[in-house]
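Taken together, the values in this text are just the output of simple stated rules run on the coordinates, not laboratory data. As the structure is a prediction and not an experimental result, all values here were calculated from the model. Don't worry about glycine lacking a Cβ; one is built from the backbone with ideal geometry, like all the others, and counts go over all protein chains shown.
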Amino acid sequence: MFVLLIFLLVLCVVALLRKVGSRESGLPPGPPTVPVLGNAHIFPTEFAHYKFTEWARKYGGIFSLKVGPSTVVVLTDVAAVKELLEKRSASTSDRPPMHLADLMTGGLHMVLARSTSTWKTLRKTSGAILTVQAAAQHLPIQQAEAMQLLYDILRSPQACPFLLMCQPLRVEPVIMLYGKRAPRYETPEISGFFNVLHEFNTILGPGAAPPVDAIPILKFVPERWAKWKRECKRIRNLQRTLYFGMVEETRDRIRRGEGNGSYMEELLIRKLKKAHEEIDRVVGGDRLPTLDDLENMPYIRAMILETHRFRPVAPLSIPHSTQAAEEYQGYIIPKDSTIFVNVWGIFHDPGFLSALFDDPEKFIPERYILTEDGTKPGMDGSDLKATFPFGFGRRICPGMHLAFNSININAMNLLWAFDFKPDIDADGNPIMVDTTAYKTGLENAPQPFKCLITPRSTEKAKIIEREFLDAADTFAKFEVGLNEEDKEYVAKLRAYAS
């Protein structure tokens, strides 16, 4: 009886496997399939367009392929392209899953990203800057670089193919994106772009890696047995070293006042101005913000949350102690043990938590717009509550609601009222604030620093003075038992404001 059951089970498995890879009823025609693989065994690994054209001549302008359980539809028909990809773009504008690309880019490749909130943000950001008017501003450098191309070909006509291939990379990524000219094709940034692009395109090519998207279980193969995983990590490091290095160069150039209108400069400047633009749009210049306004200020809310993450006020929280022994995941925590919560490590560790936060040492408010908890898209950050910096369990700070209100009110007011810029040294160079300079102790407090603070307009300065005088009645309820010096100070302050 047992043998019969095993035999029947095997028959069921075989029957199911025979269906995997087969073309379902209703699919466009295509090459014959084989069980499990479908058409994977004949799927072209290079120059796929030639084979697809050959199959289109045989099977028609719309044909299908099966790669394991996955379906591929190939369009070689203009009418079908217009109907499916333009008229029905609401349902056909997504990208197929590309696990390897996600490993290398963190899902932040605008061209390859799926239709998520992340892609929409990337698209909106680039669209706001890459307008027709913005493109026209780059014409002088494009024309100048075109002249160098002519000059280089004049001097070395035999190198024309190589020069033509290099030209777009030299102009668009390096100059347009980062505002840095690469006068030679051997310039490190140019060679770096070529290397990264080649490595990236090679590993994404058909047949270069196992079909992870068609056979998702391959994602769980340990890295030591998956060369493709190690290659993706290596290429990701190459990309980040190149791109973020040039971003930092651009940021330094802005600080020195040496901007030249590159895309990245505009992006960084907009990021600095984004909070001002948002609060001006919601509040305007005729009144101060209120807490009710914060609901309509997603970027400023994100700035506040990112500040808590970036520089938590209690990096190790306030220690707890156990009143009884506890067991957790096979470990015993004895009675009277002291427990520190490494809040800083949770928010900043680039190692074991690197999958939760990209670039933890960078202040990036947008992470809280991409996802509710600021974590990398697709990762579960539900345990990282907004109350995280205020303690845990029965020892959570009872005054956190007062603290939230105070932080929110002051953040909005300061952004509405003032411009903040670096102070200038004796040589006219900006003095950048050291965001790592903190006093020692249980709670974090920054060392004194200098910056230039100016009202954003004379009208706003007048509103501040008026609102301060109007607050006198509120102050009066609490100005009890003041000594003479305090009374004199209050009187002088209000006289000055009036």
*Give the angle, between 0 and 90 degrees and rounded to the nearest 10, that separates the Cα long axis of helix 298-310 from the longest principal axis of the Cα atoms of the chain.*
80
*Give the residue from 53, 96, 416 lying farthest towards the positive end of the charge dipole for the chain; charges sit on Cβ (+1 for Lys and Arg, -1 for Asp and Glu) and the dipole is referred to the Cα centre.*
53
_Neighbourhood charge, 11 Å Cβ-Cβ cut-off, centred on residue 104 and excluding it, Lys, Arg +1 and Asp, Glu -1_ = +2
*Over region 150-306, calculate the relative contact order: mean separation of alpha carbon pairs under 8 Å at least 6 apart, over the residue count, as a percent.*
21
_Suppose the chain between residue 290 and residue 477 were pulled fully straight at 0.36 nm per residue; how much longer would it get relative to their current alpha carbon spacing?_
65.1 nm
*Euclidean distance between Cα centres, region 32-46 to region 195-211, Å*: 20
*Can you give me the relative contact order of the chain as a percent, contacts being Cα pairs under 8 Å and 6 or more apart?*
9
*Is it possible to state the helix-based mean residue ellipticity at 222 nm for the chain, with each DSSP H run of 4+ residues giving -39500 (n - 2.57), the sum divided by total residues, to the nearest 500 deg cm²/dmol? What is it?*
-14500 deg cm²/dmol
*asked:* Please compute the length gained on full extension between residue 396 and residue 458, using 0.36 nm multiplied by the number of residues separating them and subtracting their Cα-Cα distance.
replied: 18.1 nm
*Would you please give the residues with an amide H less than 5 Å from that of residue 357, counting only those at least 5 places away or on a separate chain, with H modeled from the backbone geometry?*
376
*How about residue 219: which aspartates and glutamates have a C-alpha closer than 15 Å to its C-alpha, ignoring those fewer than 8 places off in the same chain?*
102, 231
*asked:* Can you give me the distance in nm between label points at residue 81 and residue 280, each placed 7 Å from the Cα along the Cα-to-Cβ direction?
replied: 4.3
*R0 = 30 Å: FRET efficiency of residue 202 with residue 383, Cβ-based, nearest 0.05?*
0.20
*asked:* Need the C-alpha centroid separation for region 451-498 versus region 219-244, integer Å.
replied: 58
_What is the angle, in °, between the Cα long axis of helix 2-19 and the longest principal axis of the Cα atoms in the chain? Nearest 10 is fine, range 0 to 90._
80
*asked:* I'd like the FRET efficiency for residue 272 and residue 230, computed as 1/(1 + (r/R0)^6) with the beta carbon distance as r and R0 of 45 Å, rounded to 0.05.
replied: 0.75
_Going by amide H atoms built from the backbone, whose H comes under 5 Å of the H on residue 452, apart from near neighbours?_
421, 423
*Just how large is the dipole of the chain about the Cα centre, in debye to the nearest 20, putting +1 at every Lys and Arg Cβ and -1 at every Asp and Glu Cβ?*
1880
*Go ahead and run the numbers for FRET between residue 490 and residue 90, Cβ-Cβ distance against an R0 of 45 Å, rounding to 0.05.*
0.10
*Give me the angle, in degrees from 0 to 90, between the Cα long axis of helix 227-255 and the longest principal axis of the Cα atoms of the chain, rounded to the nearest 10.*
40
*For region 87-100, take each phi angle, set θ = phi - 60°, evaluate the Karplus expression 6.51 cos²θ - 1.76 cosθ + 1.60, and give the result in whole Hz per residue in order, putting x for glycine and proline.*
5, 10, 5, 4, 10, 10, 9, 6, 10, x, x, 9, 4, 5
_Dipole-positive endmost among 363, 221, 482 within the chain (Cβ charges, Cα centre)_ = 221
*Given a cut-off of 22 Å, name the pairs among 385/421; 274/421; 227/362; 335/439; 120/227 whose C-alpha atoms lie farther apart than that in the structure shown.*
385/421; 227/362; 335/439; 120/227
